[in-house]
1. Identify, from the list Ala257, Ala266, Ala290, the residue that is among the small types (Gly, Ala, Ser), outside any loop (DSSP other than H, G, I, E, B) and surrounded by fewer than 22 Cβ atoms within 10 Å (Cβ to Cβ).
2. Just checking, which of Ser329, Ser333, Ser366 is touching a residue at least 60 places away in the same chain (Cβ under 8 Å), assigned to a loop (DSSP other than H, G, I, E, B) and touching a strand residue (DSSP E or B) at 6+ places or on another chain (Cβ under 6 Å)?
3. Name the pairs: first residue in the range 9-36 and within 13 Å of Ile364 (Cβ to Cβ), second residue part of a loop (DSSP other than H, G, I, E, B) and among the β-branched types (Val, Ile, Thr), Cβ to Cβ under 8 Å, at least 6 apart or on different chains?
4. Going by the structure shown, is Glu743 in contact with a helix residue (DSSP H, G or I) (Cβ under 7 Å, 6 or more places away or on another chain) and open to solvent by 40 Å² or more (accessible area, probe 1.4 Å)?
5. Take residues that are modelled with pLDDT under 80 and closer than 30 Å to His139 by Cβ and tell me which of the helices (runs of 4 or more DSSP H) falling wholly in the range 751-820 contain 1 or more.
6. Determine whether Arg591 is open to solvent by 20 Å² or more (accessible area, probe 1.4 Å), among the basic types (Lys, Arg) and not in a loop (DSSP other than H, G, I, E, B).
7. Does Ser548 fit the bill of being small (Gly, Ala, Ser), under 30 Å from Gln454 (Cα atoms) and free of Cβ contacts under 8 Å to residues at least 60 places away in the same chain?
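The values are calculated or read from the model by the stated rules, or taken from the named source; none is laboratory data. Fair warning: this is a prediction, and the values are worked out from it, not measured in the lab. Neighbour counts are summed over all protein chains in view; Cβ atoms, including those assigned to glycine, are modelled from backbone coordinates with ideal geometry. What goes into the accessible areas is simple: the full protein's heavy atoms, side chains included, and nothing from ligands, DNA or RNA. Shrake-Rupley method; radii C 1.70, N 1.55, O 1.52, S 1.80 Å.
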Amino acid sequence: MKETISMIETIDEIATYGAKKGVFHLNTGNFKLNGSKIFLNGEINKEVINFGSCSYLGLEFDNRLKQAAKDAIDCYGTQFSCSRTYISAKYYKELEALLSRIFEAHAVVTPTTTLGHIGAIPLFVGSNDAVILDHQVHHSVQTAVNLIKSKGIHTELVRHNRMDLLEERIKLLRQTYKKVWYMADGIYSMFGDATPVEKIYELLEKYPEFHFYVDDAHGMSSFGKNGRGYVLGKKAIHERMIVATSFAKAFATGGGALIFPNEEMARRFRTCGGPMIFSGPMQPSQLGAAIACAKIHLSEEINLFQEQLHASIKHANSLIKKYELPLISESDSPVFFIGVSLPKIGYKMISRMINDGFFLNLGIFSAVPMKNTGVRFTITRNQSFKEIERMIQALSKNLKEVLIEEDFTIEQIYKAFKMNPAKVEKPAELAPAEITETNFEVIHCKSIAQVDKQLWDQLLGQRGSYNWEGMKFLEKSFTANEKEEDNWNFDYIIIKDALQNPVLATFLTTSMWKDDMLAPESISSQIELKRKAGDPYYLVSKVLTTGSTVTGGNHLYLDRSSALWRDALDILLKKITALQEEYHTSSTMLRDLPQGDEDVDGFMMENGYFKINMPKNHTVEISKWGNRAEFMSTLSKRMQKHIRQDVLHHEDKFELSICKNPTPEETQHLYQLYMNVKNKSLELNTFTLPYNMFENMVQNQNWEILTLTLKPEFDSRSERKPIAAMFSFLTEKVYNYMMVGIEYTFQEEYKPYRQAMFQALMRAKELDKELVHLGYSASFEKRKVGATLIESVGYMQAKDNYSLEVIESMSAMQMQEINR
């Protein structure tokens, strides 16, 4: 079974690391809140000005809301615990009537916005509908969509706010589906940019199948007539539209509402929306405060509050321009996102800002792509102009200092966000960082011929098939071929400290990868049909990786005993960034590193890489036994039974040979055996290896090819040929069992696949090797010969780095449509 990206593990790691850095999971102190200041408890123990609140109008401190909440508690107690299917507290009817006036549409109150999505989306999206998600739509919408996706409803993503791509998808999907739903946010919670309302309404008028579902939580109260939000503040609700909103932001009470264009939809949601039936209601204090807040929205006072907020927003925008901060999306939204690119810069920025007396948010994966980390802050009516100015001054000062510390530039930030930089001020008054690349000797070669053979083999020679001779073989096999996927770029990097001690060494290849290489076989089989139908490079990307698609094991030598390992790794990542630009690759991967190294995990996360689980590798330590009997004793009784029945029982029916100097016809047959195995499984869906590689292999003394041929009495064919071939690369201590070829006609009767692995182990022992690498995939078979599973991780970075949870929920085909 293929490994997949572990969303929960990744989020847990990032959150835990952020908590250790004093950025996440903070707590306020035990004192009364009033205005812009909060007190942070714990190790921080400091009063700060709060620039992390989404209560944009500051109504949480309005005495009318507080008194209404108290009155409701006096009347109903702290809760009214009953499903609305049976009975609703009296406040609901009044609140929904007020909200319907605010929105000039039909409102239904929900306990939370998330529960509103969970109730509405499965109810109104039919089995013959399609759903298109903006790839930055809020997580709560994605959660609700996953409920219907499990029922087979077509779901896909479209690039953020790309109305041209959206229209293309509408044109295509309307031919197959009854309705095409586009789901988006009104104001996006991270970057603060807005959905293009005018263009969406044009599409609604143009395509009768098109429907719009929008979460306008961050637009509520701050925008529009009577605070009806960003979207409905620009246009009246459309007949094919549903609006979700939140009372937990500027409305300042908790809860939410769904807004419908007609009473029938509202009635149906009220009676059939899942959480409306089975979940608890909003509680009396929230309902009382919400009624008071709704009355303010229906008064002229809301206009004053909005004007005050937008004056502060305008002030913040002017200061950001003055200090030339990399604002990712300029708008009239109260949400601001200052890009910093790398997580490690973000962590430092938040810590520094807290030290300076300002609380801001870190925008990091999975809310944003790893290399789109930033400092997120919000503007509210509670903050004074002076407080805003002091905060932005501190932000500017700290960013300049941290960029120098990390040897990073404003230009690199803009590049990470695919933006054109504004005028850049280069701060020269601060001292440079102490550790720079000049403290190291960095060797970067494009061919193994330029690398010292003894040094390379000392560092990486016993890890797999990539000693100096192995790399020479790979270079010869993957250059000057006809097909693009059979031509690789090679880069070798060795980093030594000032005393000439190697701290880091690796090799990287740049080649074409199938995007579904690690995807479930069910997805790969669908994609392969399209490739065979005439588009061989469908869902194919150029990838820069440590190692290659034919080598296994840890390809990175890193001297963890050196105090400079982090600095060496930092140099490598900078080299990789430059290579990514040089080769125009879509993603980068450092693969097959040991699991459980928290220091490396943290370092890679700070530098914009997210961790993924790699396919399991398989090894057999043959140094632990001396003969067959001792080998059998290392196996469980069940495994011993398999060996006796499937291997030893048939062993005398085979002729085992070492293939030397084969004819072209024999080489072609060996290649066909390999192709039989390659075409049978999509567990690791890589490109087929070129025939040129096998021609080189049979002439290379470092490769050994074993063949199994049935004896004449067991093979009735007119011409006997090998029915199994084992292709292995030999180093001093390791037997690298790289690939196998099988004639499957004989598999059921004579089990040549298991026989091949067993004979490879015996041959390795005969050659006095210590270890056999059996490679990836086919774990079930390899464990039967005593293989140990080696778990490892990779660190991945993509230019278009979508939310990990979104990637998990997509098919590879949908991902490629976005990439295009």
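1. Matching residue, one of Ala257, Ala266, Ala290: Ala266.
2. When all the criteria are applied, what remains is Ser333.
3. Ile14/Ile364; Gly18/Ile364
4. Against the criterion (in contact with a helix residue (DSSP H, G or I) (Cβ under 7 Å, 6 or more places away or on another chain) and open to solvent by 40 Å² or more (accessible area, probe 1.4 Å)), Glu743 qualifies.
5. 804-809, 812-819
6. no
7. Here the answer is no, as Ser548 does not meet what is asked.
Residues checked against (1) at pLDDT 95 or above; (2) closer than 30 Å to Ile410 by Cβ:
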position	(1), (2)
Ile277	no, no
Gln283	no, no
Gly288	yes, no
Ala292	yes, no
Phe305	yes, no
Lys322	no, yes
Pro334	yes, yes
Leu342	no, yes
